[in-house]
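Accompanying notes for the structure given below.
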Amino acid sequence: MIVILTTPVRKEFRVLDQVLGTRICIIDDDDEFGRYLQQFFEARGARVTLYQAGDAFLSAADALAYDFYLVDLTLPGADGVDLVLFIRAQTEAVIIVISGRMGPDAFNAALVAGADMFINKPVRFDQVAQAMAAVKRRLGTGGGGAVRWELSFDERILRSNKGEAVELTATESHLLAALIEAGEAGCDRMTLRNIAASPDADERAIDAAVFRMRKKIEKATGRPAPIKTRHGLGYHVVPNIGLR
Amino acid sequence: MASVALLIVFGTRRLAWWTASDVMAMVAITLLVSRPLGPDIVLYTVSPLLVLLTILFRFLAIADRNTRERLRTSLIFLLFLFVLFNVLHPDEHAHIRLGVNTLAFSGLSGFAAAYILKKPAKQRSLGENWLAASFCFTSLVFATRSFVAFVYQAEHSIWTIGNIRTLDTKDERIIVFSLAASVIVLLSSHIGFIIFLLQRMRAGEVRQEIIAAREEERRMQAEERAAEMFKIMEERSLFFGIVTHEVRQPLNNASAILERLREELERGGGSNRLRELVHETERVFDHVTLTLSNALVAGSLLERRHEFKSTSCDPVALSELAALDCGIKNARRIKIENPGNVLFITADPILLQIALRNLLDNALRYGYPDTDVTVVIKEAPAIQGAIICVHNRETSPDWADGTNMFVPKQRGPNAKETQGSGLGLYIVSEIMALHNGKVDTRHEDGERTFCLHLPD
C-alpha cells in the first residue's frame, strides 16, 4: 500500500507531538547554532540541555538520561565519535550526528560507532526534527543503536537483541547459516546455489532469494538486514550476528 | 677454427656467414694441389666456384639484412650464370675462363668494398675501414690476375690442360705470389672482420647504455611529476577541508539566525515585507549552500572514486531532508510517496541527499509555479535496490530525449531567466556513477520525470 506522506510542514505538527516532553541533549561547540536549536525544541515543549564540549557532557551526572542525542563530530576535548561510542555502549537512545564534514569517513565512523543517522550541516532546525521523527518512525518501539542478531537454525528464527524476531524459510535459514559460518570472507553465488540445493538455478535465483530475505527482515524489524552484498563476489554478513 | 669458436660463443648470423666463407676458402686451398698429372707435371687449379663463394659469403657477412634480402635473387642468378659459364666453356681457351673468373672475383670484391665505403667516413668504424681495404686489395689482386690471364697467357698457353709442363722459375714465382697474396688477403680480412664485429658489439652496448640512461631520466621525470601531483592533491584536500568546515559552518550559523528570525516574525512580530525579506534571504542562502555543495562534490569526485563508502540508508528520510533543503515555502510543494514499509538502500547518505536536492531544485525551478513535485520511492528487485523518481509538470519539449542534460554547464531552454551553473544534473549523474547506479529522464504528457536507479 502506498502511503502518501503529508508535506514536511504539516509533518512538523507530528514532530511537535513527538518531541513534547522528550529529553534532548545537544552536544555542539558552536554557540549560536546550539542555542538556537535549543530554543527551537524548547519552544515545542521538549526539555533540552546544551553542552559545548565533550568533557562537560561526560562529567554531567545525568549524561545518559536523555531520549535523543544530537552530537557534533568536531568538538574541543573529547572526539564526537568517542562520545557516540560512549553513549551507545550505555543507552538505546536515538543518536543523531550533525556535522559539517562531508567525507565518507565522517558518516562511516559515526554510524559504525552506533549513531542512528548522520545529517550534514548547514542544516535547518526542522530538518533535525524531521531526522528525529524518521528514526523514531523506523525503529518503532525498539531503541536505537547497534543491533546484535542471532539465528536459531532449528527454529528457523532470526532474533535481534531489541526483541524483534523474523521467521525464515528452510532455504533462507540454510543460506543465512552458511553466510554466518563463512564470516567476513562471505560466500560466492555458486556456493550459495549448492547450499540452497539448487545447483541448476542461475545466479539471479540466488540474488532473488537473498533479496526477499533481506526485505523480510527489514520490514519485520525496521532495521537494515545483517546481509551485505560484495560486488562481483557474493554476500557476507555483518560482524554482530551469531548462530545457535 | 677461430671463426668456428666465435660462432659457438656468439652464434650470430654474421659469424655464420663468415665461418661458411672460411670453410669455402679452406676447401679451395686444400683442392689447390689435388691434381697431379704425372711425375713432373702438377696441375695447379683452384675451384672458381669455391673462390666465388668465399668472397660472396664474406660480403653477406658484412651486409645488413635488408641488403641480403634485396640482392638474394640477383646473387643466385649470377651464381647460376657463373657455374654455367664454367661448365660450358671449352678447355682449349682456359685462359679466357680464368680471366673471366678472376674478373668476377675482382668485381664481387670491389662491390663489397663499395658497399662498405658508401657509408660516410665519419660513421665508419675501424673494422669497416679494414674490411674495405681488404676487399679493395683482393679486388686489385684479382683484377691484375685477370689482366695477366687475358693478355699475357693468351700468348703463352701454359695454363691449358693439355700442355701443362714443369713449371719454371717464373711460373713458380707467380704461384707463390698468388698463394701468399691469398693468405694475406684471407688473414687480413679475418682480422678486419673480428674488429668489425667487436666494434658492432661495443656499439650495441653503448646504445643499450644510452637507452638505459634515457629511461632512467624519464623515470626520474615521472617521479618528480608524481611528487608534484601528490603535493597538489594534498593542497587540494586541505583546501576542500577548510572550505567544507570553515565556510559551511558560518553559513550554518547564518541560516540558524535567519530561521530564528523567521520564527519570531511568524509569531506576530514584524511586517509582511520583513517576513518576505527574510524568506528571500533564506532562499539565497539555500542557493549558496546548494552551489557550494555541488562545487565541493564536483571537486572531489576523483578522490571519492578511490574512497567511496556506503551504508544502509532510509531513502524516505533522505528525501524528506532534501525537500527541506529547498526551503520551507518550496517544501510545501513536495509530496513524498513511499512503499508503505521500511526500505533501506546502500548509499552514501550525504551524496544521495545532494543528488535528491539537485533534482528537487530542478523540478521546482523549471516546473509550473505552484504545482506539486512528487517523489516516488519503490523497491527494485531487478537491481536488488530501489528506484527514486522525481516528477514535475513542465513544458520542455526540447529536452525530450534528455541526452545532453547530464553534461556540465548545460542549461535548459527555459533557463535564460533563472540562475544556475549547469552543474546540478552533472553532479547527479556522477553521484549515481559512484553508486554503480544511473539516472535517466523522460518527458511524457507534460510531465518530466527523473529516476535514480540505486542497486545494492
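Computed quantities for the displayed model
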| read-out | value |
| --- | --- |
| Packing-based order for A:232-238, B:18-24, using average beta carbon neighbours within 10 Å, highest first | B:18-24, A:232-238 |
| Estimated distance in nm for a label pair at B:VAL27 and A:ASN194, the labels positioned 7 Å out from Cα along Cα-to-Cβ | 6.8 nm |
| Cα gyration tensor shape of region B:184-337, rounded if a/c is under 1.5, else prolate or oblate by comparing a/b with b/c | prolate |
| Derived scalar couplings ³J(HN,Hα) [region B:59-69; Karplus, 6.51 cos²θ - 1.76 cosθ + 1.60; whole Hz; x for Gly, Pro] | 4, 5, 5, 9, 6, 7, 4, 4, 5, 4, 5 |
| Karplus 3J(HN,Hα) series, Hz, for region B:222-230 with 6.51 cos²θ - 1.76 cosθ + 1.60 (x for Gly, Pro) | 5, 5, 5, 5, 4, 5, 5, 4, 4 |
| Stretchable slack from B:ARG236 to B:PHE77, in nm (0.36 nm times residue separation minus alpha-carbon distance) | 49.9 nm |
| Amide proton proximity set for B:LYS438, modelled H, under 5 Å, gap of 5+ | B:HIS453 |
| Cα centroid of region A:19-75 to Cα centroid of region B:264-339, whole Å | 23 Å |
| Mean Cβ neighbour count within 10 Å, used as a protection proxy, ranking B:71-80, B:141-150 highest first | B:141-150, B:71-80 |
| Relative packing of peptides B:387-393, B:285-291, B:203-209 - highest average C-beta neighbours within 10 Å first | B:387-393, B:285-291, B:203-209 |
| Peptide A:46-57, shielding by other chains (average Cβ, 10 Å cutoff) | 0 |
| Segment B:ARG68-B:THR144, extension gain: residue separation times 0.36 nm, minus the distance between their alpha carbons | 24.5 nm |
| Ratio of the Cα radius of gyration of region B:89-152 to 2.2 N^0.38 Å, where N counts its residues | 1.37 |
| Cα-based convex hull, region A:192-244, per residue volume (Å³, whole number) | 101 Å³ |
| Within 10 Å of each Cβ in B:244-251, the average number of Cβ atoms from other chains | 4 |
| Value of Rg to Rh for region B:288-362 (Rh from inverse mean 1/r over Cα pairs, i.e. Kirkwood) | 1.00 |
| Residue mean of other protein chain beta carbons inside 10 Å, A:214-227 | 3 |
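None of the figures in this text is laboratory data; all of them are computed from the coordinates on show. Note that the structure is predicted; figures quoted are calculated from it, not measured. In this analysis, Cβ positions are derived from the backbone assuming ideal geometry, glycine residues included, and neighbour counts consider all displayed protein chains.
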